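To start, the structure itself, in structure tokens.
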Amino acid sequence: MKMVVWNSDKQRLVTLDVEFTKENTTWFTDYTKASDIHKITDVDGGILISKAGYDYPVWIGGHSRTDIEHSAAKARKLEKLYALHR
């Protein structure tokens, strides 16, 4: 599926073709706020971090779910580190 995401490398919105599968995505069901991490996905040599609300997902190149140990808390820290100018 084509979706608009925030590309942290380019610091702008881009369109990515993303397929969410159990092999490339970790879903989190314990979110309570729209700003909580809903899922993280390995795509195009990077990680796509999606929140529960309507914010654009953030793509960060050169990282993977394995790098952050499939952790929502570590995904949040990574997103804050790389998406400062959003």
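Where a number appears in this text, it was derived from the coordinates with a stated rule and is not lab data. Please read all numbers here as calculations on a predicted model, not as lab measurements.
Tabulated values for the structure
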item	result
Stretchable slack from K10 to T66, in nm (0.36 nm times residue separation minus alpha-carbon distance)	17.8 nm
Relative contact order %, the chain, counting alpha carbon pairs below 8 Å whose residues are six or more apart	26
The chain, helix-only ellipticity at 222 nm - DSSP H runs n ≥ 4, -39,500 (n - 2.57), divided by all residues, nearest 500	-4000 deg cm²/dmol
DSSP beta bridge pairing in the chain, given as percent antiparallel to the nearest 5	90
